[in-house]
Amino acid sequence: MTFDAVVVGAGFAGMYMLHCLRQMGLSARVYETGDGVGGTWYWNRYPGARCDVESMQYSYSFSQELDQEWTWSEKYAPQPEILSYANHVADRFDLRKDIRFNTKVTSAVFDESAGEWQVETSQGDQVRAQFCIMAVGCLSAANRPPFDGIDDFNGPVYHTGEWPHEGVDLTGKRVAVIGTGSSAIQSIPIIAKQASSLTVFQRTANYTVPAWNAKLDDEYVASIKADYPGLRAKARARPTGFYFPFNTNSALAATPEEREAQYEESWQRGGLPFLGAYGDLLFDKEANDTIAEFARRKIRETVNDPVTAELLSPDNVFGCKRLCVDTGYYAVYNEPHVTLVDVSKTPVERLTENGVVVDGKTYEADVVVCATGFAAMTGSFDRMHIVGRDGLTLKEKWAAGPGTYLGLSTAGFPNLFMVTGPGSPSVLANMVQSIEQHVDWMADCIAHIRKVGAQTIEPTPESEKEWVEHVNEVAAISLRSTCSSWYVGANIPGKPRVFMPYIGGFPIYVNRCNDVLTNHFEGFVTDVKDESNEIPEVRFTDRWRVPLDLEVISPAAIAAKKVPVV
Ligand code: N01
């Protein structure tokens, strides 16, 4: 069978891609490993899973009708509600008929003579398509560390990102949680309520800010809905792709008393916007030290046992690893049945039939929860056999780190697009906005290729090299690139250390994508040249053309005043 496009994945990216392809009158087939839509929100069903960008903004913005008809119940919606939303979108736009569920794409090979992709699946499908769109998510390939003795353990071992759909009753169980990232920090307070004992194994302490989650009141929802397009436009003009008031002043220019008041106010507002307390927090170590110390003091004020409080206090840069957002995380360590075990110097040795061994001591458990994260950004690509020109596999090409042009595509792999690929703002911005912007760009690009009668489009190696250098250059000025995080692949042994997302700010990035498009896909090469002087049609990407105010939109510009603005 031949389609115009094959889409891999039916999460938020794959669903919207399908919707756009349909609107363009193209034929498409989507393959999805799970038996339902929703991607991240289909897989991550661990207790306490919820978004940490406010729900009114963590949602599609392409349909004003959808915005009006859907109503979120809480400031940060829980996973079941986000999954219901994904299902609602699938039904409302009649997406399911083109999605094959329970089907993994195993290989995608570019046929140079036909200029098409040949795609094979775990169910034996063999299909061809001009375009192959990878909508595989940034945090989808679960990292399950191969602990010695894991098969000897008498109970179940779960991963937060592959949580059983029927749920898990942990009532009265002795539970061991390995890891203290976002998934652990969201789930631990809930697990502690059910478990008879909870032992948390911490390799690196993490900063977390209270969510202050609450039911959304009707008046607030109505006020947003009265001007939803206005909020969406403001969000698009922000470095993170979601709107919140932020202060561009320098933390160091403030007096200690002013800083204290500012941090306290931001803490009381809670969540990721806490990092917006000042403009230089991620660019000046001295400025960062002030917010880090404020956060450590909050830990000491909350946790009764000084030894545990010290262990929970990170000593790295605040916000360097992905900031977590919690409800009752630190306070849980005041519960007598909750124990924190430091595995930073003496790692988890092994599992035995009775529990987890660290430094020769067994911590007994009935259930082990691995909240050990993902092979971020590239893990899902690694799981497929992707072959471009001259038989080069993507794995080989990315052996020293992922190289892309704009995080949209990679040289030597024509017509292969990646939604929120490495080298784009992706995980550093509101994921739903990042997804929509990429899909819209791809839609306009595909429409153009077909209009001019070309078969292939791909970036030149030079434009890719220039982009990768720019991604690295911008990353280097941010303190975010200085610690061992999944942003740099440090959580996966042997993975090359490269700062993968683009940190220059969402609007600056979007502006560059817009310019590339209107400059006749500058940096790309097609097999048939567009000889007309006509500017390529801007249909889907029109809504991403927002006015730029560099002082406000680019954290890099604020901090350094020296970053070349692309
Ligand atoms: O994964 P993580 P996650 N022995 O990689 C530890 C998004 N998200 O699933 O830091 C012992 O952050 C590891 O230790 P270390 C969000 O972007 C969003 O929690 O590598 N420990 C770390 O503590 C987030 O950042 C939400 O030293 C081991 C933990 O496991 C991203 O997903 C909710 C270990 C893994 O933390 C990933 O979050 C959840 C080992 N062998 C997630 N291996 C929202 O709220 C790993 N660790 C929207």
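For a quick check: with amide H placed at 1.01 Å from N, whose amide H comes under 5 Å from V525's, ignoring anything fewer than 5 positions away on the same chain?
Close amide H contacts, sequence-distant or interchain: E458, T460.
If ligands, DNA and RNA are left out, what is the accessible area of M15 with a 1.4 Å probe, given in Å² to the nearest 10?
Rounded to the nearest 10, the figure is 0 Å².
Counting only C-alpha contacts under 8 Å and six or more residues apart, can you give the relative contact order of the chain as a whole percent?
18 percent
Between G14, P507, V488, whose Cα lies farthest towards the positive end of the dipole of the chain when Lys and Arg beta carbons carry +1 and Asp and Glu beta carbons carry -1, centred on the Cα centre?
Of the candidates, V488 comes out farthest on the positive side.
For region 29-39, take each phi angle, set θ = phi - 60°, evaluate the Karplus expression 6.51 cos²θ - 1.76 cosθ + 1.60, and give the result in whole Hz per residue in order, putting x for glycine and proline.
Those phi angles translate into 10, 10, 10, 9, 5, x, 9, x, 7, x, x Hz.
If you stretched the chain out fully between D169 and E65, how much longer would it get, using 0.36 nm times the residue separation minus the C-alpha to C-alpha distance?
33.6 nm
Helix-only estimate, please: 222 nm mean residue ellipticity of the chain, summing -39500 (n - 2.57) across DSSP H runs of length 4 or more and dividing by its residues, to the nearest 500.
For the chain, the value works out to -9000 deg cm²/dmol.
DSSP loop (so not H, G, I, E, B), at most 15 other Cβ within 10 Å: list which chymotrypsin sites (Phe, Trp or Tyr not before Pro) in region 178-262 pass both filters.
Passing both the DSSP loop test and the Cβ count: W212.
Count neighbours as other Cβ atoms within 10 Å of each site's Cβ, and list the GluC sites (Glu not before Pro) in region 324-392 that are DSSP loop with at most 11 such neighbours.
E353
Between region 98-169 and region 41-56, how far is it from one alpha carbon centroid to the other, in angstrom?
20 Å
Any chance you could give the angle, 0 to 90 degrees and rounded to 10, that helix 12-23 forms with the longest Cα principal axis of the chain?
That works out to roughly 20 degrees.
Karplus couplings for region 502-513 from phi (6.51 cos²θ - 1.76 cosθ + 1.60, θ = phi - 60°), rounded to Hz, Gly and Pro as x?
Those phi angles translate into 8, 9, x, x, 4, x, 5, 4, 4, 4, 5, 4 Hz.
I'd like the GluC sites (Glu not before Pro) in region 159-228 restricted to DSSP loop residues with at most 11 other Cβ atoms within 10 Å, sorted by number.
E166
So how exposed is S313, as accessible area in Å² (1.4 Å probe, rounded to 10)?
Per-residue accessible area (S313): approximately 20 Å².
Spin-label point model (7 Å from Cα, Cβ direction): what's the A114 to Y220 distance in nm?
My value for the distance between the label points is 5.3 nm.
Based on Cβ point charges of +1 for Lys and Arg and -1 for Asp and Glu, what charge dipole magnitude is obtained for the chain about its Cα centre, in debye rounded to the nearest 20?
For this selection, approximately 260 debye.
Residue-wise, which Karplus ³J(HN,Hα) couplings in Hz belong to region 190-205, taking 6.51 cos²θ - 1.76 cosθ + 1.60, θ = phi - 60°, and x for glycine or proline?
Going residue by residue, I get 7, 4, 4, 5, 9, 6, 7, 8, 9, 10, 10, 9, 10, 8, 9, 5 Hz, with x marking Gly and Pro.
Which of the lysines could be linked to K225 by a straight reach, that is with a Cα gap under 20 Å, when you skip same-chain ones fewer than 8 residues away?
K75, K215, K234
Report the Cys residues of the chain lacking a disulfide-compatible partner, meaning no second Cys Cβ under 4.7 Å from their Cβ.
Those would be C20, C51, C132, C138, C324, C370, C445, C513, since no other cysteine Cβ in the chain comes under 4.7 Å of theirs.
Please give the length that would be gained between R297 and D315 if that part of the chain were fully extended, namely 0.36 nm times their separation in residues minus their C-alpha to C-alpha distance (nm, one decimal).
5.3 nm
Run the 1.4 Å probe and let me know the accessible area of L312, rounded to the nearest 10 Å².
0 Å²
Which entries of K361/K495; K397/K495; K285/K321; K285/K465; K451/K529 show an alpha-carbon separation above 19 angstrom in the structure shown?
Checking Cα-Cα distances, K361/K495; K285/K465 exceed 19 Å.
The values are calculated or read from the model by the stated rules, or taken from the named source; none is laboratory data. Just so it is clear, the model here is predicted, and its values are computed rather than measured. A quick note on method: Cβ atoms are made from the backbone with ideal geometry, for glycine too, and the neighbour counts reach across all protein chains shown. With ligands, DNA and RNA removed, areas are computed over all heavy atoms of the protein, side chains included. Shrake-Rupley method; radii C 1.70, N 1.55, O 1.52, S 1.80 Å.
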